[in-house]
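Read the structure below first, then the notes.
The values are calculated or read from the model by the stated rules, or taken from the named source; none is laboratory data. All of these numbers come straight from a predicted model, not from anything done at the bench. Glycine also receives a Cβ, built like all others from the backbone with ideal geometry; neighbour counts cover every protein chain displayed. Only protein heavy atoms, including side chains, enter the accessible area calculation; ligands, DNA and RNA are left aside. Shrake-Rupley method; radii C 1.70, N 1.55, O 1.52, S 1.80 Å.
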Amino acid sequence: TFIVNTGIAFYNVHKNERGITKYRDLQLNLYGKRDTSDISYQNYHGFYVGNTPQYDYPGNGKYEIRGDVRATLFATSTYYIFNYKKFSYRSAFAFTEQQKKSAGSFLLGGYYTLFGMKADSSLVSSAFAQYFDPKSHIVQGSAQTFGLNAGYIYTLVKNKFYITTSIVPGIGLEQEHYERSDSTTYRSPFNPSGKLSLRLGFGY
């Protein structure tokens, strides 16, 4: 399956006070009998500071609009299905098979996520500078995580109705890197990180 999401009309109904957000959301799902892969790409351009009213904001309008801020996310994950002879991942999430009896399976796989953001100036603008430490004045940065995950998925079938749920915790490493408005940079070492994936599907 391949999903392309380019936005719907009511997403920008408050554009006069919150600006305009442009985004692209692409998802690719590859579901075989023994393994599955999910790949996604998201790109958002244009944000606003949601809690502007909590500060003494000197600018015009209710919110500070940051049309220069861009955020991008790339993520991929894959699982191996151990009980593929009795359990069907396609049945609940691709609809190309029908699982007639209740069954589950252990899952084992890996994941990788890369998030990046960039702005023309500090995310902490001059209007809010007094409330933040200078080290928080980030202009661009990125964060990546990767690791292994293992869990369980189960499909309950009764009278042609089915419900599928999965719990897959993961453990891995993460690293961050960013640049501040004063041109200083920071790169963290690889630190331990955790992840929890939950999924639910049901139908007839």
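Values for this structure:
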item	result
Karplus 3J(HN,Hα) series, Hz, for segment 53-67 with 6.51 cos²θ - 1.76 cosθ + 1.60 (x for Gly, Pro)	x, 7, 10, 7, 7, x, x, 7, x, 6, 10, 7, 9, 10, x
Segment 140-155 - phi-based ³J(HN,Hα) in whole Hz, Karplus 6.51/-1.76/1.60, Gly and Pro as x	8, x, 8, 8, 10, 9, 7, x, 10, 9, 9, x, 9, 10, 9, 10
Heavy atoms of I163 accessible to a 1.4 Å probe, total area in Å² rounded to 10	80
Accessible area (Å², 1.4 Å probe, nearest 10) - L173	70
Bins of 5 Å, starting at 0 and running to the largest distance - Cα pair percent for segment 79-172	3, 11, 15, 13, 9, 8, 8, 7, 7, 8, 6, 3, 1
³J(HN,Hα) computed for each position of segment 104-109 - Karplus, 6.51 cos²θ - 1.76 cosθ + 1.60, integer Hz, glycine/proline x	x, 7, 6, 10, 9, x
Long-range lysine pairs (8 or more apart or interchain), the chain, Cα under 19 Å	17
√(5λ) per eigenvalue of the Cα gyration tensor, segment 50-96, largest first, Å	49, 13, 10
Electrostatic dipole magnitude of the chain [Cβ: Lys, Arg +1; Asp, Glu -1; Cα centre; debye, to 20]	1240
Compactness index (Cα Rg / 2.2 N^0.38 Å), segment 14-81	1.69
For the chain, the spread of Cα positions along each principal axis, largest first, Å	63, 42, 26
Cα-based equivalent ellipsoid of segment 46-133: semi-axis lengths in Å, sorted from largest, via gyration tensor	49, 15, 12
Where the chain is the region considered: accessible area per residue in Å², 1.4 Å probe	63
